[in-house]
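Comments concern the structure below.
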């Protein structure tokens, strides 16, 4: 029971991290109709900047602020210089150009920070653990990550549903020309949306810093998971991204934790471990394939 | 029109002649080790042409093409592993022994890739556009992780081949022989693909790329046509994989990592989509550029990345478009 609750929380934590990544990416997909492979690079940039500033200043909050600023700034710069020129091009061109961006950013981090991964400590004020149920403790840092993720989800909901800028973003998504004709500065809006997306990716990156090793190429593994989340949730839908992220986070974490035990009931231990490892690493893709057979446009498509 | 045709014929004949004479040229300039680099180029060219078939003519942007490439390579290596080991590959439902004969293992590689392409294609082709890109990508990653966790065949570390496959009467360990074999297979596939895209089948595929609704109204079951095209491309990529396993005598899950799919896609775009011969050029350009940049700096990707962005922004029709000029009949 203890293990189950702990793993459920781990799944939730992976889920909210994935949500931070996929919220920004799904907006870029849905609103600008552009496929951006380089989204993982902003996660990496966030983690590197956050880790470096934290190591030098000793303050995690300062590192967090620097990382958010840096990812938003780099994101908007990339939008203005490269992405903006891709909106009207084929998806193939977008894939190729953003693939070029990945190569560039990965190699640049190797030049600046070297090939050795950086390690970041959990800030001292979050290094303890909390007793969530009598007898069950859980690291405070991970609880903080879950809290931040849920707060961001709430913030995005309020932003889109109740604010003027949210309304403009929705208007720009459903009809770019019409929104432009009504006096909305679409170019500026797109840059802001892209900046918001990269900022969220940067946030996910900094928060993952103390949990994972910070290294070049760390963005790609989460990028693929993010794609799975978006395909499951439906492209362009933030609610879909939230649902998809939690599903993927849970299935992945619980699969890795419990499949070996489960398979040992039927198979010999040596064989079960191998099969469980394979099955666990493939579980989210199987989930995606199943959902696609049932709903090819995802669970909560944006323009249903 | 006539001038363009002449120019195309010129360029193609010059290219074919160059590829034919290459081993002798390399002997002359005393750099015979470069032959294996050119074999690699031909192998990647085969994979790139097969991707161009679905991408350029079918409009199916697959970012998971390396899955078929990797599967082909793994099939050959697993056969070879069991042949050396002496243990059976399968005992149920039928007994299958290891095998070194290329006439058996390479078709087996193509068949396995084709079956896999049928499965992945059947699911992915239910969608289109951005969904299709991401789903093919995700399926390829699924296979990647499957092979990473497959400890029996080396897992993350990959699998080394004890020797290259045997092919009746040919010495595949000789790099020049191997080069000519790759060249023959590439040319064969180019001819097949050329005939295919200019056949009725090809017309339907191209029609469904340009206007799927109209083709459907005309009564063509475009889903089935596209699926068959996807399977053919998958089988060809599987053959390329079988060749690369023989060329490097080593396979690893890295062969089907999504960045590999990205690189094959780059080759197609660099050469020119929907041109068939363009991707050969693209493969050569990419691998040679990589080789040259790597001489000067370990950080060659920092230059390659912006170069690709510039290609997208300013050289829309790829190298083939620059050299041959834009064709009226480019698919």
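The values are calculated or read from the model by the stated rules, or taken from the named source; none is laboratory data. Here the structure is a predicted model, which is why all the values come from computation and not from measurement. Ideal geometry is used to build each Cβ from the backbone, glycine not excepted, and the neighbour counts take in all protein chains shown.
Some observations on this one:
- Condition check for residue A:244: in contact with a helix residue (DSSP H, G or I) (Cβ under 7 Å, 6 or more places away or on another chain), within 14 Å of another protein chain (Cβ to nearest Cβ), buried (at least 24 other Cβ atoms within 10 Å of the Cβ) and within 30 Å of residue A:116 (Cβ to Cβ): no
- Whenever a residue of the range A:197-212 is in contact (Cβ under 8 Å) with a residue 60 or more places away in the chain, its partners that are surrounded by fewer than 24 Cβ atoms within 10 Å (Cβ to Cβ) and assigned to a loop (DSSP other than H, G, I, E, B), lying with C-beta atoms within less than 6 angstrom and at least six residues away or across chains, give the pairs A:209/A:120; A:210/A:120; A:210/A:122.
- Long-range neighbours under 8 Å by Cβ, at least six apart or interchain, first residue more than 7 Å from chain A (Cβ to nearest Cβ) within the range B:297-308, second assigned to a loop (DSSP other than H, G, I, E, B) and surrounded by fewer than 19 Cβ atoms within 10 Å (Cβ to Cβ): B:303/B:297
- The single residue among B:243, B:239, B:190 that is in contact with a helix residue (DSSP H, G or I) (Cβ under 9 Å, 6 or more places away or on another chain) and over 30 Å from residue A:281 (Cβ atoms) turns out to be B:190.
- None of A:171, A:97, A:161 is within 12 Å of chain B (Cβ to nearest Cβ), part of a helix (DSSP H, G or I) and either surrounded by fewer than 20 Cβ atoms within 10 Å (Cβ to Cβ) or under 25 Å from the mean Cα position of the chain (by Cα) (or both) except A:97.
- For the range A:192-242, the tally of residues that are closer than 23 Å to residue A:147 by Cα and not in a helix (DSSP H, G or I) stands at 7.
- Out of B:77, B:62, B:83, sole residue that is without any contact (Cβ under 8 Å) to a residue 40 or more places away in the chain, closer than 30 Å to residue B:152 by Cα and buried (at least 19 other Cβ atoms within 10 Å of the Cβ): B:83
- Complete set of residues in the range A:45-58 that are touching a residue at least 60 places away in the same chain (Cβ under 8 Å) and either within 14 Å of another protein chain (Cβ to nearest Cβ) or over 15 Å from the mean Cα position of the chain (by Cα) (or both): A:48, A:49, A:50, A:51, A:52, A:54, A:55
- Only listed residue being modelled with pLDDT under 85, closer than 20 Å to residue A:96 by Cβ and within 12 Å of chain A (Cβ to nearest Cβ), chosen from B:319, B:313: B:313
- On inspection, residue B:249 fails the criterion of being surrounded by fewer than 23 Cβ atoms within 10 Å (Cβ to Cβ), under 28 Å from residue B:176 (Cα atoms) and within 12 Å of chain A (Cβ to nearest Cβ).
- Matching residues, the range B:147-199, being part of a strand (DSSP E or B) and buried (at least 19 other Cβ atoms within 10 Å of the Cβ): B:159
- Condition check for residue A:256: at pLDDT below 90 and closer than 17 Å to residue A:286 by Cα: yes
- Residue in the range B:282-290 that is away from every other protein chain (no Cβ under 12 Å), under 22 Å from residue A:216 (Cβ atoms) and under 21 Å from the mean Cα position of the chain (by Cα) present: yes
- Selection from the range B:121-131 of residues that are at the interface with chain A (Cβ under 9 Å from one of its Cβ atoms) and assigned to a helix (DSSP H, G or I): B:123, B:124, B:130, B:131
- Considered as a group, the residues in the range A:265-280 that are without any contact (Cβ under 8 Å) to a residue 12 or more places away in the chain and surrounded by 12 or more Cβ atoms within 10 Å (Cβ to Cβ) include one that is farthest from the other protein chains (Cβ to nearest Cβ), and that residue is A:267.
- Residue B:46 assigned to a helix (DSSP H, G or I), out of contact with any helix residue (DSSP H, G or I) (no Cβ under 8 Å at 6 or more places or on another chain) and either in contact (Cβ under 8 Å) with a residue 12 or more places away in the chain or surrounded by 19 or more Cβ atoms within 10 Å (Cβ to Cβ) (or both): no
- Of the residues making up the range A:223-241, just one is more than 12 Å from chain B (Cβ to nearest Cβ), surrounded by 24 or more Cβ atoms within 10 Å (Cβ to Cβ) and within 13 Å of the chain's Cα centre (by Cα), namely A:241.
- Check on residue B:202, at negative phi and more than 14 Å from chain A (Cβ to nearest Cβ): yes
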